[in-house]
1. Of the conditions (1) modelled with pLDDT under 95; (2) closer than 26 Å to residue 117 by Cβ; (3) out of contact with any Leu (no Cβ under 9 Å at 6 or more places or on another chain), residue 157 satisfies every one except a single condition; which number is it?
2. Counting residues that are closer than 25 Å to residue 64 by Cβ, which helices (runs of 4 or more DSSP H) fully inside region 249-334 reach at least 2?
3. So, in region 129-147, of the ones that are under 25 Å from the mean Cα position of the chain (by Cα) and among the aliphatic types (A, V, I, L, M), which residue ends up surrounded by the fewest Cβ atoms within 10 Å (Cβ to Cβ)?
4. Out of the helices (runs of 4 or more DSSP H) lying entirely within region 134-201, which hold 3 or more residues that are closer than 30 Å to residue 104 by Cα?
5. Identify all residues within region 148-169 that are under 24 Å from residue 185 (Cβ atoms), surrounded by 12 or more Cβ atoms within 10 Å (Cβ to Cβ) and not β-branched (Val, Ile, Thr); write none if there are none.
6. Given the criteria part of a helix (DSSP H, G or I) and in contact with a Lys or Arg (Cβ under 9 Å, 6 or more places away or on another chain), does residue 217 qualify?
7. Of the residues 248, 243, 266, 219, which single one is over 19 Å from the mean Cα position of the chain (by Cα) and either surrounded by 15 or more Cβ atoms within 10 Å (Cβ to Cβ) or on the phi > 0 side of the Ramachandran plot (or both)?
8. What is the residue count in region 84-126 for residues that are assigned to a helix (DSSP H, G or I), among the hydroxyl-bearing types (Ser, Thr, Tyr) and surrounded by fewer than 18 Cβ atoms within 10 Å (Cβ to Cβ)?
Amino acid sequence: MSTAASHGKRGCRQLNKDLNLHLEPAERKRGFALPGRRATEKVQLFLLGLPILLLVFIFQYVPLLGWILAFYNYKPGIPLAKTPFVGLKFFRLLFESGGTDLINSIVNTLAFFGLNLLTSPLPVIFAILMFEVSSTRFRRFVQTIITLPHFVSWVIVFSLAFTIFSNDGLLNQILLRMNLIQEPTNLLGNSDAVWVFQTCVALWKGLGWGTIIYLAAIVGIDQELYDAAAVDGAGRFRKIMHVTVPGVAPTYVVLLILGISNILSVGMEQYLVFYNGLVADKITVLDLYLYRTGVLGIDYSYATALGMSKSLIGIVLLFLANGLAKKVRGQGIV
């Protein structure tokens, strides 16, 4: 009996030691000990992303200090301290007497945004088609070809377009020799076709990049969903409609929300290089109007007020689009 009791006491003491060994790390975590391995990894990840955060802060947030020019009648060469404060004068001027040029640039911006919105499903469709291609070599070849234009500057794009679509361009020469047209047509100077032409150029340049984004979303879909659909007797088309499309939808919604927030910011470089007197009324978007008014026209205060208003409208549209996405899909980005 005594032997059994002694063994029982030893077992209890050993069990208490084991429990204490397991409890000590937890007790240390509750105290003021040094951070553990997980905390160290988090710090390392933060330090890894710190340079990017600094770049974003320097080039995206620090320039917002220039918004103060919207409240002063600023003239180049005069210190801001000696510049008269005018309050909301330029904002009132903006909304009361914006002028035909401003209204025309807003109409052009909305038109280009609408056309880009109509073509936004094309990268999704192309990504699905690329994913369904069985030949990996052919898929990589096509993906490389359609992605290359994304890395070409707009100046080179204009040079290519001029070589092909100008009066003496390659397209007109071919059509004239085939007797399909009687005289050359200058697409670069056709104001009636400029909206469609610029949309096609933007689609050609951005299709490959958009395809890569949606291909990444498709690859991230759980393969078991396709297997389950195959077990249920679904063919290729039904797999696309019931597995691939719902899997890509969250990515499309995120990009759509961000696009709606940039409804007044369709870019400037493309329209600047294609700008000429024949299409000026149809190609001047809001950003190009800002550039020509603020930089070329040296009206910094008015241009700053317009740019500030454009940014604030974009923020409001972002939250409105995000709220609508939450109501429709139950999920947004903010």
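1. Every condition holds for residue 157 apart from (1).
2. Details: elements: 269-273, 280-283, 286-290, 300-329.
Result: 269-273, 286-290, 300-329.
3. My answer is 145.
4. On the way: elements: 136-147, 154-165, 170-177.
Result: 154-165.
5. 149, 154, 158, 159, 160, 161, 162, 165, 166, 167, 169
6. Numbers: part of a helix (DSSP H, G or I): yes; in contact with a Lys or Arg (Cβ under 9 Å, 6 or more places away or on another chain): no.
Judged against the criteria, residue 217 is not a match.
7. Numbers: 248 fails: over 19 Å from the mean Cα position of the chain (by Cα); 266 fails: over 19 Å from the mean Cα position of the chain (by Cα); 219 fails: either surrounded by 15 or more Cβ atoms within 10 Å (Cβ to Cβ) or on the phi > 0 side of the Ramachandran plot (or both).
Unique residue meeting the criteria: 243.
8. Taking region 84-126 and keeping what is assigned to a helix (DSSP H, G or I), we get 89-96, 99-119, 121-126.
With among the hydroxyl-bearing types (Ser, Thr, Tyr) added as a condition, the list becomes 100, 105, 109, 119.
Those still in the list that are surrounded by fewer than 18 Cβ atoms within 10 Å (Cβ to Cβ) too: 100, 119.
The qualifying residues number 2.
The values are calculated or read from the model by the stated rules, or taken from the named source; none is laboratory data. Remember, predicted model here, so these are calculated numbers, not experimental data. So basically every Cβ, Gly included, is an ideal-geometry build from the backbone, and we count neighbours across all protein chains shown.
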